[in-house]
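Participant: I'd like to ask you about the structure that follows.
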Amino acid sequence: MKLALIGYGKMGRMLGQLAPEYGFSVHAIIDINDDFAKAKGADAVIEFTMPDAVVGNVEKLAAMKLPTVIGTTGWLEHMDQVRSIVDRNGTGLIWSPNFSIGVNVFFRLVNEAAKLLANEPAYGAWAWEIHHDTKKDAPSGTLIKLVDEMKKAGYTRHIDVSSNRAGRHPGTHDIGFDSAADTITLRHAARSREGFARGALKAAQWIVGKQGVFEFTDVLFGDKK
């Protein structure tokens, strides 16, 4: 299968290195100011760029009927617009605040913990993360998703949310529940970008030939066929 990469920073280069393991050859690399026509003929596209570029990139790719994986974060206020573009063009798109398989399992563990403690008022909650100092959005899309999972599980009390940006840290997320009697801490710590790249390539395999807007959980857990 032919893969087009939109954005060729550290993540794009890693995707290119790992692509053959997932049955892809790199068909096109499109970086800043490159012509998107180079992507024509690709079986799938993976986009890792900047939040303010996502809508325009989706518009161009959907017009060419190219199924796309969006790895960029920080653009979800435009989700309705992106969904409309994809539906209008009859193509496919997968998005996620985090393409790490481990993080997506972590979402479910946090949801279950919040559900079990939703009716235990002695337990307060916090959500914390740290990332490298070049990450643009804070809190991260992953932390926002974790807090949303807690709320969806019925945890309606205050959740204290905080973020740090420093050095070259690939990303750690903590969810905690604390009472006078004890503390429960759930943690996911990324070791490198490789987990994100492998998840995005798994999503690219899956989206080929599909129409509609999907989340990575649909790929991993079959939430939506």
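Participant: How far is the Cα center of the range 1-77 from the Cα center of the range 152-225, in Å?
Facilitator: 21
Participant: Related question: Tell me the trypsin sites (Lys or Arg not before Pro) within the range 120-157 that lie in a loop according to DSSP and have at most 10 other beta-carbon atoms within 10 Å. Could you put the intermediate results ahead of the total?
Facilitator: On the way: sites: LYS135, LYS136, LYS145, LYS151, LYS152, ARG157; in loops: LYS135, LYS136, ARG157.
Sites meeting the loop and neighbour criteria: none at all.
Participant: If you place +1 on the Cβ of every Lys and Arg and -1 on the Cβ of every Asp and Glu, how big does the dipole about the Cα centre of the chain come out, in debye to the nearest 20?
Facilitator: Dipole of the chain, to the nearest 20 debye: 580 debye.
Participant: Provide ASP35, ASP52, ASP182 ordered by accessible surface of protein heavy atoms (probe 1.4 Å), highest first. Please report the intermediate quantities before stating the final value.
Facilitator: Numbers: ASP35 95, ASP52 140, ASP182 70 Å².
Per-residue accessible area, sorted high to low, gives ASP52, ASP35, ASP182.
Participant: Something else about it: Measuring with a 1.4 Å probe in the full set of protein chains, what accessible area per residue, in whole Å², belongs to the chain?
Facilitator: Working: 10730 Å² over 225 residues.
Per residue, the chain has an accessible area of 48 Å².
Participant: Now for a separate question. With both bridge residues required to lie in the chain, what share of the DSSP beta bridges run antiparallel, to the nearest 5%? All intermediate terms of the calculation are to be shown ahead of the outcome.
Facilitator: On the way: 14 of 40 bridges.
Antiparallel: roughly 35 percent of the beta bridges in the chain.
Participant: Accessible surface of PHE48 in the full protein assembly, 1.4 angstrom probe, to the nearest 10 Å²?
Facilitator: 40
Participant: State the extension gain, in nm to one decimal, for the chain segment bounded by ASP182 and VAL208, taking 0.36 nm per residue of separation less the distance between their alpha-carbons. Walk me through the numbers before you get to the answer.
Facilitator: Details: separation 26, 0.36 × 26 = 9.36 nm, distance 4.75 nm.
Extra length from ASP182 to VAL208 when fully extended: 4.6 nm.
Participant: Using the C-alpha gyration tensor of the chain, what are the square roots of 5 times its eigenvalues, in whole angstrom, with the largest one first? Spell out each step's value before the answer.
Facilitator: Details: eigenvalues 221, 65, 46 Å².
One finds semi-axes of 33, 18, 15 Å for the chain.
Participant: For THR49, tell me the accessible area in Å² from a 1.4 Å probe, rounded to the nearest 10.
Facilitator: 50
Participant: So how do ASP34, ASP174, ASP80 rank on accessible area, 1.4 Å probe, biggest first, that is with the largest at the start?
Facilitator: Details: ASP34 60, ASP174 15, ASP80 125 Å².
Most to least solvent-accessible, the answer reads ASP80, ASP34, ASP174.
Participant: For the chain, what does -39500 (n - 2.57) per DSSP helix run (n ≥ 4), summed and divided by total residues, give at 222 nm, in deg cm²/dmol to the nearest 500?
Facilitator: Numbers: 7 runs with 79 residues, N = 225.
Here the helix-only value at 222 nm equals -10500 deg cm²/dmol.
Participant: So how exposed is VAL26, as accessible area in Å² (1.4 Å probe, rounded to 10)?
Facilitator: Rounded to the nearest 10, that gives 60 Å².
Participant: May I pose another question? Which angle from 0 to 90°, rounded to the nearest 10, does the C-alpha axis of helix 79-89 make with the longest principal axis of the chain?
Facilitator: 30
Participant: List the relative contact order of the range 68-225 as a percent without decimals, with contacts defined as Cα pairs under 8 Å and 6+ residues apart.
Facilitator: Details: 257 pairs, mean separation 53.4, N = 158.
Rounded, it is 34 percent for the range 68-225.
Participant: Here's something else I'd like to know. Could you look at the chain and say what percent of its accessible area is carbon and sulfur, using a 1.4 Å probe and all protein chains?
Facilitator: Working: 5520 of 10730 Å².
Carbon-and-sulfur percentage of accessible area, whole number: 51.
Participant: Right, another one. In degrees, nearest 10, range 0 to 90: what is the angle between the Cα axis of helix 194-207 and the longest Cα principal axis of the chain?
Facilitator: Rounded to the nearest ten degrees, it is 60.
Participant: From the phi angles alone, apply the Karplus equation (6.51, -1.76, 1.60; θ = phi - 60°) to the range 5-10 and give each ³J(HN,Hα) in whole Hz, x where the residue is Gly or Pro.
Facilitator: 3J(HN,Hα) across the range 5-10, in whole Hz: 10, 9, x, 9, x, 4.
Participant: Sequence-distant or interchain residues sharing an amide H contact under 5 Å with ILE29, placed H: which?
Facilitator: Placed amide hydrogens put LEU5 under 5 Å from ILE29.
Participant: So what's the angle, to the nearest 10 degrees on a 0 to 90 scale, between helix 54-63 and the longest Cα principal axis of the chain?
Facilitator: Taking the Cα atoms of the chain, the angle to 54-63 is about 40 degrees.
The values are calculated or read from the model by the stated rules, or taken from the named source; none is laboratory data. Everything numeric here is computed off the predicted structure, so don't read it as measured data. Cβ: placed from backbone, ideal geometry, glycine included. Neighbour counts: every protein chain shown. Heavy atoms of the whole protein, side chains included, go into the accessibility calculation; ligands, DNA and RNA do not. Shrake-Rupley method; radii C 1.70, N 1.55, O 1.52, S 1.80 Å.
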